[in-house]
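Below is one structure, written out as structure tokens; comments come after it.
Values in this text are rule-based calculations from the coordinates and carry no lab data. Given the structure is predicted, the values throughout are model-derived calculations rather than measurements. Ideal geometry is used to build each Cβ from the backbone, glycine not excepted, and the neighbour counts take in all protein chains shown.
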Number of protein chains: 2
Amino acid sequence: MTERIEDAIKRYGSRIDDLLREVIPPGQSDCLSEPIWHHLSTGGKRIRPALCLITCEALGGNPEHALPFAVAVEILHNMFLLHDDIEDGDTMRRDQPTVWVKFGLANGINAGDYLLARAYSCVLKCPVSAEKQLKLLDVFTSTCEKTIQGQALDINARGRENFTTDDYMRLVELKTGGYLAFGMVGGAVVAGAAEGVIEKLWSFGKTMGPAFQIRDDMIDLTAGKGRGGAIGSDIKEGKPSFLYAHTCRVATEAQRQRLRRIMLKPREKTTDADVRWVLKLYEKHGALAAAQARADSLVAQAFKTIDELPLQDAGPSRPAKQVFRDIATFMARRTT
Amino acid sequence: MTERIEDAIKRYGSRIDDLLREVIPPGQSDCLSEPIWHHLSTGGKRIRPALCLITCEALGGNPEHALPFAVAVEILHNMFLLHDDIEDGDTMRRDQPTVWVKFGLANGINAGDYLLARAYSCVLKCPVSAEKQLKLLDVFTSTCEKTIQGQALDINARGRENFTTDDYMRLVELKTGGYLAFGMVGGAVVAGAAEGVIEKLWSFGKTMGPAFQIRDDMIDLTAGKGRGGAIGSDIKEGKPSFLYAHTCRVATEAQRQRLRRIMLKPREKTTDADVRWVLKLYEKHGALAAAQARADSLVAQAFKTIDELPLQDAGPSRPAKQVFRDIATFMARRTT
């Protein structure tokens, strides 16, 4: 009897929600609970924290001991969303006004800062040895740093000249690579996994994270990103996508300059005709196909990394490696 | 031969600066180093981190072992300044444009986030036992949380009706109480100080921090806050000061309403006549004298706490308690 990953995520998700409500009680009059729960109530699938617990269990650890770390993972995720919404000037998220729009810029920034401190508080509550706690704190902190370094490159790459696919890969590896894996790594630390296992989990993130991001870039050109189904919002925001990086390299000088001018326009000044022109340029230069090929190759690498996991069967209910294959399949499907 | 506190601060200050440059190397092209060093280069006296090292030494510890924590204290301080400047809409700091003005809002927020992660990285580098490291992380995290909770109250108290001096005290105790003491507490943890000593250091902060803040409120009405010597910038910002809280309680209903209207005006719409009217109202109701009395009483409590420190003479060069009396005297003088 093996449980589907989707079911395990759902099962663990409600445990995470319970602890989340303990760590940041809703309905407090502290000017933090309200903006934070306005954001948390808009949803979220708790995938990253659930993968932390699933990993811990698969490696023979007690997922209860990893639970505070899993909640820290979820809190950090939401902290980044809060601050990113401000940095990107996004006014809506999941059909609700974003926190800074509803509660003001100052409360938006401050609520994000509070989430980060609360996340550390959670990590410090893991009932594991001092050595494991310090390892968890190290995993958490280095991931924070890398993600923020990636965000710094992202912010400043908007409409950048000579933005190459190498630049793009460096950016997304920093911004998404650690971030995708660190919940799983935390679960592995709690389970007392060997260094070799932990290294492979990091490698998994370094390929699957960017694959995820590239496919996210592609979705923007096909189905839109769920903000009312509009296509091309990355173009309006001037976001340095894989498609932009690819096209920068192969376009003519005149095309590149016009592309760049459009990317640099403030969102509200970018016309639908601008977006259509960019989409056509991307198409002409095979940007979507190139993106697809790169994402496929990264996913293949991610699966190879899973195959290389130096694992004995440690899981209580089924072979550990199969769990990780299932996770990889689940993540790969999500990014399609 | 006893060293003056001012000299010890200067001596330790340069050690802190050295490590700061290691932790966040200047001149990197990572879109973080530049905005951060734009801010760090505007100065700062490194008082909080120096007090961490002085405390560690006075309690018989090795200040070298506390150095990474001291740097974390300094980094956190600057992280708060970066984000506060955005939250308050301050465009200038020490005669330089603030980071968000020079590098944009997104870079300002992100650079602050990075500083917080780097600060944790520093704490994790303290060469002390795992137990002490976890204690340091706990001290650091709980201080972060309290300071941000205080900031949340501060942001939302602007122009609030029925803002009492009790509300004010709760706000500044959260915002400044832990923050003033946590460097010293960290130094004490590294030195292996007894729980009783650590408790008294926290108590010291809880009285000296608010005293400092009240006097900061008073300075705004007399000498100005160094932003070109302008008086009354707290009034223009609508900042919930002790003077505002005191006057709210004793003013007539009509005065209170006019006062509140002025506090709620956007900064650029507050006229000089508005500021003069508020100053006169504060004077009429003895706000400055009340503030002075409260600050004096808090400072007296802080000195009493120092006297109660359960200390043997542990310092290598002079009686430890005298060091803390000197620190208290130094802090009290700074706040005058």
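Name the residue farthest towards the positive end of the dipole of the range B:5-334 from the options B:Gly186, B:Gly150, B:Thr222, assuming +1 on Cβ of Lys and Arg, -1 on Cβ of Asp and Glu, about the Cα centre.
B:Thr222
Quick check for me: using +1 on Lys/Arg Cβ and -1 on Asp/Glu Cβ, what's the dipole size of the protein assembly as shown about its Cα centre, in debye to the nearest 20?
1280
Which residue, B:Trp100, B:Trp277, B:Trp202, has the most motion in a Gaussian network model of chain B that connects Cα atoms within less than 10 Å?
B:Trp277
Can you give me the span-like helices of chain B, meaning DSSP H runs with 15 Å or more of Cα extent along the axis and Kyte-Doolittle mean at or above 0.0?
B:47-58, B:63-88, B:105-123, B:178-190, B:287-308
Rounded to the nearest 0.05, what FRET efficiency do A:Asp166 and A:Asp138 give with R0 = 25 Å and r taken as the Cβ-Cβ distance? Could you check?
0.30
How many percent of all Cα-Cα pairs in the range A:40-159 sit more than 18 Å apart?
57
How high is the FRET efficiency between A:Arg249 and A:Arg333 when r is their beta carbon distance and R₀ equals 30 Å, given to the nearest 0.05?
0.50
What aspartates and glutamates could a cross-link reach from B:Lys132, if we take a straight Cα to Cα line under 17 Å and drop same-chain neighbours fewer than 8 places away?
List returned: A:Glu131, A:Asp138, B:Glu57, B:Glu64, B:Glu195, B:Glu199.
What FRET efficiency do you get for A:Glu6 and B:Glu268 if R0 is 45 Å and r is their Cβ-Cβ distance, rounded to the nearest 0.05?
After rounding to 0.05, the efficiency reads 0.25.
Extending each Cα 7 Å along its Cβ direction at B:Trp277 and B:Ser297, get the distance between those two points in nm, one decimal.
A separation of 3.1 nm, rounded to one decimal place.
I'm a student and want to see the number: the projected area of the Cα convex hull of the range A:96-225, averaged over all directions, in nm².
10.2
What residue among A:Met208, A:Met169, A:Met184 shows peak mean-square fluctuation when chain A is described by a Gaussian network model with Cα springs under 10 Å?
Result: A:Met169 has the largest fluctuation of those listed.
How large is the translational diffusion coefficient of the protein assembly as shown in µm² per second when you combine the Kirkwood radius over alpha carbon pairs with Stokes-Einstein at 37 °C and 0.692 mPa s?
For these conditions, the coefficient is 122 µm²/s.
Compute the length gained on full extension between A:Lys304 and A:Gln257: take 0.36 nm times their separation in residues and subtract their Cα-Cα distance, giving the result in nm to one decimal.
Gain in length upon complete extension: 12.9 nm.
Over the range A:1-99, what per residue volume does the convex hull of the Cα atoms give, in whole Å³?
Value for the range A:1-99: 104 Å³ per residue.
Considering the dipole of the range A:5-334 built from charges on the beta carbon (Lys and Arg +1, Asp and Glu -1) around the Cα centre, which of A:Ser297, A:Ala58, A:Asn107 is farthest to its positive end?
A:Ser297
If you scale each eigenvalue of the Cα gyration tensor by 5 and take the root, what three semi-axes come out for the range B:256-336, rounded to whole angstrom and sorted largest first?
43, 13, 10
Using a Gaussian network model of chain A with C-alpha springs under 10 Å, which one of A:Asp85, A:Asp154, A:Asp272 is most mobile by mean-square fluctuation?
A:Asp272
Could you list which residues have their amide H under 5 Å from that of A:Met92, counting only those 5 or more apart in sequence or on another chain, with H placed in the peptide plane?
When sequence neighbours closer than 5 places are left aside, the close amide H contacts are A:Thr98.
Note down the magnitude of the dipole of the range B:5-334 about its Cα centre, charges +1 on Lys and Arg C-beta and -1 on Asp and Glu C-beta and zero elsewhere, to the nearest 20 debye.
Computed about the Cα centre, the dipole is about 860 debye.
Restricting to Cα pairs below 8 Å that are 6+ residues apart, what does the relative contact order work out to for chain A? Please round to a whole percent.
About 20 percent, as a whole number.
Based on alpha-carbon atoms only, what is the radius of gyration of the range A:177-336 relative to the globular estimate 2.2 N^0.38 Å?
Its radius of gyration relative to the 2.2 N^0.38 Å reference: 1.27.
Taking the Cα atoms of chain A, what is the range of coordinates along each of the three principal axes, in descending order and whole Å?
Computed over the Cα atoms, the extents are 60, 50, 33 Å.
May I ask you to derive the relative contact order of the range A:163-272, considering only C-alpha pairs under 8 Å and at least 6 residues apart, and to give it as an integer percent?
Once divided by the residue count of the range A:163-272, the mean separation gives 28 percent.
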